[in-house]
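> Below you'll find the structure I mean.
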Amino acid sequence: MEQLLSLILGVMFFPLTFLGSWVVVAPQEVKLILFWGTLNRVLTQPGLSFINLWGRRVITISTKRQAIELHKTTVADANGNPIIIAAICTYEVTDAVKAALSVEDYQAYIRSQAIAVLKQVASKHPYESPDGHCLKAEAQLVGQEMVTAMQAKVDSAGVRVIAFELSDLSYAPEIAQSMLVRQQAQALIGARRIVVEGAVEIANDAMQQLTQRGFRISEDHQAKIVGNLLAIICGEAKVQPTYSIQDHDGSDNAALLKSIHDELTVINANTKKQ
């Protein structure tokens, strides 16, 4: 009945029918032809086709790769800290019939699902973590997780998700300053730890060299020497070491102290050069 009606209208208005019934299919494009609400044909080959326009509806679906940009949005990470995150989702249509008929607007559908996936995945991970399992350090793994979650949501729309990548990631302005202070403190602690480890190595080498050269130093003097070395190397300001003029037995040991003083002077000079 529908085809007969289309034929009658086509004959009655032949000039209009002849001019308006041509359908052009471009490369990487699919056109769905619906007659009176029923799917009739699916055109996939590029070219020109003649299809009666009466009762016809043409739906065009692009099979090219497309990318949608998800603008900055505020999300709470796994630690409850507000972060600003943005991403880019790349996809392509693999089933034009599903994309056209299973959802109202497949592009709007994909955008809304991408925003939901971005927020859900971001809330499962902390912004940064000492063990490295975080959004900041594992952006690639997080992207793969978002691709998997996104694909499960858009299968019904005939879409294949190619990539889901973070384009922006930062703390929200209300906590950015406090987090910067924390990062600076952590960096300072790490630097201090390296300085202390180096100072301990230098002090240990100094005592070994003095022992190998035949200097017999009491435990009290060893503690003072090590303490002075650590104070000189670890101190930010100029430090003046002090020395006792007698050993623990009360005997004069000026020559030994002079030799120790010379050794410390050389070590101190080498440390300042470094």
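> Which pairs do you get when a residue that is part of a loop (DSSP other than H, G, I, E, B), found in the stretch 67-83, comes within reach of a residue that is aromatic (Phe, Trp, Tyr), reach meaning Cβ atoms under 8 angstrom, with the pair 6+ apart or on two chains?
If the second residue must be aromatic (Phe, Trp, Tyr), the pairs left are Asp77/Tyr127; Asn79/Tyr127; Asn81/Tyr127; Asn81/Tyr171.
> Restricting attention to the stretch 125-156, report how many residues are assigned to a loop (DSSP other than H, G, I, E, B) and surrounded by 13 or more Cβ atoms within 10 Å (Cβ to Cβ). Full working, then the answer.
First, pick out the residues of the stretch 125-156 that are assigned to a loop (DSSP other than H, G, I, E, B): 125-138.
Filter once more, keeping what is surrounded by 13 or more Cβ atoms within 10 Å (Cβ to Cβ): 125-129, 133-138.
Within the stretch 125-156, residues that are assigned to a loop (DSSP other than H, G, I, E, B) and surrounded by 13 or more Cβ atoms within 10 Å (Cβ to Cβ) number 11.
> Between Lys224, Lys272, which is under 54 Å from the mean Cα position of the chain (by Cα) and either in the same structural domain as Ala122 (by TED's automatic domain parsing) or at pLDDT below 60 (or both)?
On the way: Lys224 fails: either in the same structural domain as Ala122 (by TED's automatic domain parsing) or at pLDDT below 60 (or both).
Every option except Lys272 fails the conditions.
> Sticking with this one: Ala67: surrounded by 16 or more Cβ atoms within 10 Å (Cβ to Cβ) and among the small types (Gly, Ala, Ser), yes or no?
On the way: surrounded by 16 or more Cβ atoms within 10 Å (Cβ to Cβ): no; among the small types (Gly, Ala, Ser): yes.
Here the answer is no, as Ala67 does not meet what is asked.
The values are calculated or read from the model by the stated rules, or taken from the named source; none is laboratory data. Here the structure is a predicted model, which means the values were calculated and not measured. FYI the Cβ positions are ideal-geometry reconstructions off the backbone, even for glycines, and counts take in every protein chain you see.
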